[in-house]
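Here is the structure we will look at, set down as structure tokens.
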Amino acid sequence: MSLHDLGSGSALLRRVGDFGFHYRGLLIPFVLATLLVVTRPSEALRADSVARGITLAGIAIALAGQAIRFFVIGFAYIKRGGKNRRIYADDLVTEGVYAHVRNPMYVGNFLILVGLAIIWGSPLAFAIGVPLVGFLYFAIIVSEEAYLRDKFGDAYDAYARDVNRFVPRLAGLRDTVQGSHYDWRKALRKEYGTPHGLGWGILLLIVFRTLRLEGLSGQQHLLWICLAVGIPWTLLYLAVRRWKMVGGLDSRAGDA
């Protein structure tokens, strides 16, 4: 059975997806926080060379996911917030990146999750957390697709036939990018909080990983690392937030 058949025909998946969408702000963080508490990083990470390689690989994957999100939002994108914590859409968005893949934001989110799981370095957390959150995302997508199919009918069916759920169609992507205006102000205005949270997430995972493996003794330098990296990062976040509040990130005439 294909993913399309599974996603289209399972009422159970839709119920899970509706539940996951309604509580997604709490459910996924709860799952990840629980795994962080009950699992332990691999002892192999005691070796500096292994820890460095794992950390850099995880950061690279997480940043790739963040870059996808930032790239998508600057073009036309789907507002995923819903309405009253329920799936909702005013329009069927099929332009921009969505002309090449139907769920680019979820692809970005999943890569961020994978990157953070790699940084933590627990095989058990990776084996449980990544598939579990991946399943929750998939169920939410199935529920969203059912909503869009009910609301937009044949237009959505035609779109779903032409565009993959997760694997982007690269043909024509260059023309799409060159023929579309990228609104970086909109991307920064809507997305600036996510990189801030991701940066702190990476930093704290590295700190907690070290403390779990090495203990508190001799690790006082971790506090200074947090301060040296985290404070400037938060100040940058606050500066962008202030810039947004005074209208500096509003789209300019001709930018839309």
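For the range 3-191, what class follows from the C-alpha gyration tensor (a ≥ b ≥ c being the square roots of its eigenvalues): rounded when a/c is under 1.5, otherwise prolate if a/b is larger than b/c, else oblate? Cα axes put the range 3-191 in the oblate bin. With R₀ fixed at 25 Å, the C-beta to C-beta distance from residue 236 to residue 208 puts the FRET efficiency at about 0.60.
Sorting the segments 94-100, 167-173, 36-42 by their mean number of nearby beta carbons within 10 angstrom, highest to lowest, gives 94-100, 36-42, 167-173. Dividing the summed helix terms, -39500 (n - 2.57) for each DSSP H run of n ≥ 4, by the number of residues in the chain produces a 222 nm estimate of -23500 deg cm²/dmol to the nearest 500. Please work out whether the range 133-239 counts as rounded, prolate or oblate from its C-alpha gyration tensor, where a ≥ b ≥ c are the square roots of the eigenvalues and a/c under 1.5 means rounded, while otherwise a/b larger than b/c means prolate and anything else oblate? The shape class here is prolate. Put a dot 7 Å past the Cα of residue 91, heading toward its Cβ, do the same for residue 15, and the two dots end up 3.6 nm apart.
Each reported figure results from applying straightforward, stated rules to the coordinates on display, with no laboratory input. These numbers were taken from a predicted model, which means no experiment stands behind them. Cβ: placed from backbone, ideal geometry, glycine included. Neighbour counts: every protein chain shown.
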